[in-house]
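Structure record follows, encoded as structure tokens.
The values are calculated or read from the model by the stated rules, or taken from the named source; none is laboratory data. Since we're looking at a predicted model, the values are computed, not measured. Here the Cβ is made from the backbone with ideal geometry for all residues, glycine too, and neighbour counts use every protein chain on show.
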Amino acid sequence: MRESSEFSVDREEGVTVYHRRDFSPGQIKEAVEKHEAIAQERPSDLLKHSPESIVSRVEAGGERICVKQFRCPEWTDRLKGLFRVSKGLRAWMAGNGLKVRAIPSLKVMACAERRKGFAVRESFLLMEASEEGAEMDRYLLKGFPDFERRRLFIKVFARWLSRLHQKGVYHRDMKTCNIVVSEGKEGWQFRLLDLEDVRLDHKVDENDLFDNLLQLNTSIPRSMTAADRLRFYREYSRLYPVVEDERGFLSKLIRKSRERGIVYVSPRGVVEEKWG
């Protein structure tokens, strides 16, 4: 990404930083240092901790920042890094691409890459830490006050996903935990997480839709009925008809969903459910 009136690129020995001009290098350094301190000294305070990524929430320069660290634990990962854009930079580019396309998303503030030789050893994505909304799986567990409200939510969500796909935006891991839902005066708003898995200018076809619907179907709590799920599909297809053989498509989706089961995250942790 080139420098512009809005973005800047800073390079020091072994480190490249892409950032908004209104988010200073001092804030970036402070946020990364606080993140690493939490990871080393208070790992229980992390929002996520896996071999590939670590997520924390910190304050830097008076702003609440979410820091996602992408690691390359295996030498094969570092080798691939010689030929690929790092996950942190992919997420940075996707976040800015969503903004250009006027698609609501969490604001990305900076991306920092640490290199060893020519390979990226690790990268950091810094983005706004919004206190609004909840991941969709947790949101759905709260339920709806009545049938009409539930039906309206399904219709609005289907329209959002269809518009996303029509604009050439595709998320490779469209589980409910990767979608933040918030409510306002203008209704529901949906925002994507795990921006490193977002693809822009991608022609979404039937296979892509199948993958997304399988991911959604197997991460939505069973409180959403089969009729709810079919209603969602019908509304999506009305707006973006990419499926040729609907009967075969839905039959395969049901079969694959049953093979996987349902897995989602509740306030009490990971929940696994079986289809009835």
Failed criterion for residue 181 (all others in (1) in a strand (DSSP E or B); (2) aliphatic (A, V, I, L, M); (3) in contact (Cβ under 8 Å) with a residue 60 or more places away in the chain hold):
(3)
Checklist (1) within 23 Å of residue 170 (Cβ to Cβ); (2) buried (at least 22 other Cβ atoms within 10 Å of the Cβ); (3) more than 14 Å from the chain's Cα centre (by Cα) applied to residue 100, failing item:
(2)
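Limited to the range 215-233, what total is found for residues that are in a helix (DSSP H, G or I) and either without any contact (Cβ under 8 Å) to a residue 40 or more places away in the chain or over 23 Å from residue 269 (Cβ atoms) (or both)?
Of the residues in the range 215-233, 8 are in a helix (DSSP H, G or I) and either without any contact (Cβ under 8 Å) to a residue 40 or more places away in the chain or over 23 Å from residue 269 (Cβ atoms) (or both).
Condition check ((1) surrounded by 13 or more Cβ atoms within 10 Å (Cβ to Cβ); (2) acidic (Asp, Glu)) across all residues:
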{"site": "232", "(1), (2)": "yes, no"}
{"site": "238", "(1), (2)": "no, no"}
{"site": "259", "(1), (2)": "no, yes"}
{"site": "267", "(1), (2)": "no, no"}
Name the pairs: first residue in the range 37-48 and in the same structural domain as residue 66 (by TED's automatic domain parsing), second residue among the hydrophobic types (A, V, I, L, M, F, W, C) and part of a helix (DSSP H, G or I), Cβ to Cβ under 8 Å, at least 6 apart or on different chains?
45/38; 46/38; 46/39
Search the range 138-160 for residues that are under 24 Å from residue 240 (Cα atoms) and pair each with any residue that is of a type in the set (A, V, I, L, M) when their beta-carbon atoms are under 7 Å apart and the residues are at least 6 apart or on different chains.
159/239
May I ask you to list the residues in the range 234-266 that are part of a strand (DSSP E or B) and either free of Cβ contacts under 8 Å to residues at least 60 places away in the same chain or outside the structural domain of residue 208 (by TED's automatic domain parsing) (or both)?
262, 263
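State yes or no: is residue 89 among the aliphatic types (A, V, I, L, M) and assigned by TED's automatic domain parsing to the domain that holds residue 217?
Judged against the criteria, residue 89 is not a match.
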Within the range 103-132, considering residues that are among the β-branched types (Val, Ile, Thr) and part of a strand (DSSP E or B), the one nearest to the chain's Cα centre (by Cα):
108
